[in-house]
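The values are calculated or read from the model by the stated rules, or taken from the named source; none is laboratory data. Computed from a predicted model, the values in this text were never measured in an experiment. All Cβ positions, even for glycine, are placed from backbone atoms using ideal geometry, and neighbour counts span all protein chains on display. Side chains are part of the model used for accessible areas, which takes the heavy atoms of the whole protein and leaves out ligands, DNA and RNA. Shrake-Rupley method; radii C 1.70, N 1.55, O 1.52, S 1.80 Å.
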Amino acid sequence: MLKLFAQRPWLGALVALPLVALLLGAIVATFVWAQLPELDALTDYQPHQPLRVLSEDGQLIGEFGAERRRFVPLKDIPKPLQDALLAVEDSDFYNHSGIDFGGILRAFGHNLLHPTRLQGASTITQQLARNIYLTNRQTLWRKAQEALLAIKIEKNLGKEQILEIYMNQIALGNKAYGFGAAAERYFGKPLDKLDVGEIAMLVGLPKDPIKLNPVLYPERATRRQHVVLGRLQAVGLISPEQAKAAHDKPLEVRRPKRLSGVADHAAEQVRAEMVTRYGEEAYTRGLTVYTTLHYAEQAAAQEALRHALFELERRQPWRGPETTLTLPDGGDELDDALDAAFDAQPDLGELKTAVLLDMNKSAAELVLADGQKITLKGSALRALQNARRGAVLRVLESGAGNWALSQVPQAEGAVVTLDPASGAIRALVGGFDFARNQFNSATQAWRQPGSAFKPFIYSALIDQGAWAGTLVSDQPFEQGDWAPRNSDGQYEEALTLRQALAKSKNMVTIRLVQAIGPQRARAWTSRFGFDEAKQPLNLTLALGTGSVTPLQMAQGYAAFANAGQLPTAWLIDHVQDAQGIVLWKADPPKPRTAVNARNAFMTSQLLAAVTREGTGARASAMLGRWDLYGKTGTTNDAVDAWFCGFQATRAGAVWIGYPNPKSLGERESGGGLALPVWAATMAVALRGQPNATLTPPSEGLVQRDGEWFYEEFAGDLAIARIGLPAAAPAASAASDAVD
């Protein structure tokens, strides 16, 4: 042998080269191994899980965090999904030690024969190593780190643990991390509800979650799904019949909603509170926040407000296209231009974006974001006469297959409902669409309440001895150059308090403030939670010219429903960590006394008359109930429209107006705009509840001839009339006058 090497020295070199390569490889491997990171991120796996905000009944209303993840233990991941993933990504997973040398050889041979269709040979363990610790840069150094790190992982973790972490960690596009989140994001269902076709689509995503995203690239995703189905059939995981059925069934992928969810303003309020409390970790700790919201009530409030704003917009002139594009004639260029348009002006829920493709004398053809072609005719066609091809419009479906031209509402609104006894918020809608405007009108909009403020003035007078039959002058009033008027333009000699509030007479309320004194009247209204400094110190206080928020109005009216006890609104019930351990539980704030129970009851009786025969009677008619109490509110020139009211178990306020105050329209009012929203919300809030009118307190009141009085003011001591001459006829139960 030595003689042979001596005769042919190149043989020695040939033998030595592999040995030298092995030696160098061992040295490099030793060097790389020494620099490998510790495996704490895997051995003590703490996946980044988003902050989730739920309604009281467990419905998801908000989610915050860069990674959408639902950690699912391996034991709860369906076996067919596990098997399918391994068949596609790492068929020898349970046999190799981190590196699949057989797979490397197969990939090497394939790549030599098919250089344009390269295959990789990374095992699931290697993919996990790359995902947790490394980058995607294609370098020999990174590949060496990945291979050795995979071996290290296999030495320290069991196969089941590796697979569990992988299936919860891997990026699958559309901000979904892990298969639990991907199933929810793409199909709106948990893992155990996936069918064969959906499983095949999901397990095909790790190859390239960006380019195979079924939302953005449905054709690519479908082709990949078909490849996966073929693989599953080839290895015997599914039958040919199952493969064909899945192949032929169209994928029903859920497009992510761009528009605000059911409670985005409320969810944002919770998010801000959680970040204040837990810092940036709030986005990754997997916190779950249960709110006090009732999902059905919240959804009803949002839907009702949106409907009201759409109806208001329908009464406005059409403002024309949002923009007009230059559209190519057809092909991929046209598709790209349309996609860009829909990305720039996304659908806003039921308000769909449409692009005008063609128009003639009889019809206009438009296309929606989902590719559906629709036709507009009649009045819509007349409105479009100056539009041209490429115009970006908004449409609403008005019945099956029928579409109407619309536009994005410019007005805003807010809805708040709460439990009068506890203050727990049951619905909170802060505006038309959170994606358009993050300003929370329910809590941040300081607006004039108009006539919706009057009950608090009436309450002040009742505490001085007035009753439902107290007569007050309704004649025109002037003070200097201020000459207010009744909204209906009608004036009577005198009206009882019951009649005046039911008809929302401004002259009567002005005289009440005049009788009480503006300073005392303003101080009294502050008992209901209103900022005294934001209310005027003059007679205009009677007309609601101060500033309040919808949340304040809901709380103030709740005091009448709660025997005079003013609740403090609260939204967060409790917070859990990722393991379900309660980290924080609310201690609901105790109500404080605004007025005594008898004042609350007597004021409520006046409000009952409003909803039975006055400006709010439509509420009782719409709901078919006789246990409702409330008041409309419309400010000068219909700048703000309100309805505030309550039932024994629920109080709520609705406001509608433009962000930059201006008239809603000559014929708009609180009764026409805000009241239907309140009624639609209460229809859900009070569903199944029997009529429950408020009962008088056990002491402090007396009843005479069916009318209620403060015990100490009954009979001749009650206030008989205000602002009337001495000769005016007095009410039967009292004789004193206050001027």
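Within the stretch 211-237, work out how many residues are of a type in the set (A, V, I, L, M) and within 21 Å of residue 79 (Cβ to Cβ). So the count comes out to 6. Just one residue in the set 212, 232 is in contact (Cβ under 8 Å) with a residue 40 or more places away in the chain and either in a loop (DSSP other than H, G, I, E, B) or open to solvent by less than 80 Å² (accessible area, probe 1.4 Å) (or both); that residue is 232. For the stretch 174-189, a residue qualifies if it is crowded, with 24+ Cβ neighbours inside 10 Å and aromatic (Phe, Trp, Tyr), and the qualifying residues are 177, 179, 186. Which one is modelled with the lowest pLDDT, of the residues in the stretch 696-717 that are open to solvent by 80 Å² or more (accessible area, probe 1.4 Å) and not in a strand (DSSP E or B)? Across the stretch 696-717, the extreme among qualifying residues is 716.
Output the residue which, of all residues in the stretch 268-299 that are of a type in the set (Val, Ile, Thr) and out of contact with any helix residue (DSSP H, G or I) (no Cβ under 8 Å at 6 or more places or on another chain), is most open to solvent (accessible area, probe 1.4 Å). Top of the filtered list is 276. Taking residues in the stretch 340-351 that are under 15 Å from residue 326 (Cα atoms), and partners anywhere that are open to solvent by less than 20 Å² (accessible area, probe 1.4 Å) and of a type outside the set (D, E, K, R), the pairs with Cβ atoms closer than 6 Å and at least 6 places apart or on different chains are 341/355; 341/392; 342/353. Entry remark, the stretch 545-564: residues being among the polar types (S, T, N, Q) and outside any loop (DSSP other than H, G, I, E, B) number 2 in total. Among the residues examined, residue 509 qualifies as at pLDDT 95 or above, within 23 Å of residue 605 (Cβ to Cβ) and polar (S, T, N, Q). In the stretch 381-397, the residue that is farthest from residue 355 (Cα to Cα) out of those that are open to solvent by less than 10 Å² (accessible area, probe 1.4 Å) and aliphatic (A, V, I, L, M) is 384. Mind listing just one residue for me: the one in the stretch 367-380 that is in contact with a strand residue (DSSP E or B) (Cβ under 8 Å, 6 or more places away or on another chain), within 21 Å of residue 335 (Cβ to Cβ) and not hydrophobic (A, V, I, L, M, F, W, C) and, of those, most open to solvent (accessible area, probe 1.4 Å)? The qualifying residue most open to solvent (accessible area, probe 1.4 Å) is 373. Might you check whether a residue that is under 19 Å from residue 398 (Cβ atoms), open to solvent by 40 Å² or more (accessible area, probe 1.4 Å) and not in a strand (DSSP E or B) occurs anywhere in the stretch 325-341? The answer is no; no qualifying residue exists. Number of residues in the stretch 449-485 that are in a helix (DSSP H, G or I), among the β-branched types (Val, Ile, Thr) and touching a strand residue (DSSP E or B) at 6+ places or on another chain (Cβ under 8 Å): the value is 1.
Each row is one residue, and each column tells you yes or no for (1) surrounded by 17 or more Cβ atoms within 10 Å (Cβ to Cβ); (2) over 30 Å from residue 350 (Cα atoms); (3) touching a Gly at 6+ places or on another chain (Cβ under 7 Å); (4) at pLDDT 95 or above.
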site: 407; (1), (2), (3), (4): yes, no, no, no
site: 440; (1), (2), (3), (4): yes, no, yes, yes
site: 444; (1), (2), (3), (4): no, no, no, yes
site: 453; (1), (2), (3), (4): yes, yes, yes, yes
site: 463; (1), (2), (3), (4): yes, yes, no, yes
site: 467; (1), (2), (3), (4): yes, yes, no, yes
site: 481; (1), (2), (3), (4): no, yes, no, no
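Taken together, the criteria place residue 198 among residues that are within 18 Å of residue 78 (Cβ to Cβ), out of contact with any Ser or Thr (no Cβ under 8 Å at 6 or more places or on another chain) and outside any loop (DSSP other than H, G, I, E, B). Being surrounded by 10 or more Cβ atoms within 10 Å (Cβ to Cβ) and at pLDDT below 90: is that true of residue 20 here? Considered against the rule, which asks whether it is surrounded by 10 or more Cβ atoms within 10 Å (Cβ to Cβ) and at pLDDT below 90, residue 20 comes out as yes. Across the stretch 613-631, the number of residues qualifying as open to solvent by 10 Å² or more (accessible area, probe 1.4 Å) and either part of a loop (DSSP other than H, G, I, E, B) or β-branched (Val, Ile, Thr) (or both) comes to 5.
Residue 610 satisfies every condition listed in (1) assigned to a helix (DSSP H, G or I); (2) open to solvent by 20 Å² or more (accessible area, probe 1.4 Å) except (2). Within the stretch 638-688, being in a strand (DSSP E or B), farther than 25 Å from residue 434 by Cα and open to solvent by less than 10 Å² (accessible area, probe 1.4 Å) holds for 645, 646, 647. Exactly one residue out of 426, 498 is part of a strand (DSSP E or B), open to solvent by 10 Å² or more (accessible area, probe 1.4 Å) and closer than 23 Å to residue 556 by Cβ, and it is 426. Here 147, 234, 183 are screened, and the one residue that is within 27 Å of residue 284 (Cβ to Cβ) and of a type in the set (A, V, I, L, M, F, W, C) is 183.
Here residue 533 clears all of (1) open to solvent by 70 Å² or more (accessible area, probe 1.4 Å); (2) aliphatic (A, V, I, L, M); (3) touching a strand residue (DSSP E or B) at 6+ places or on another chain (Cβ under 6 Å) except the condition numbered (3).
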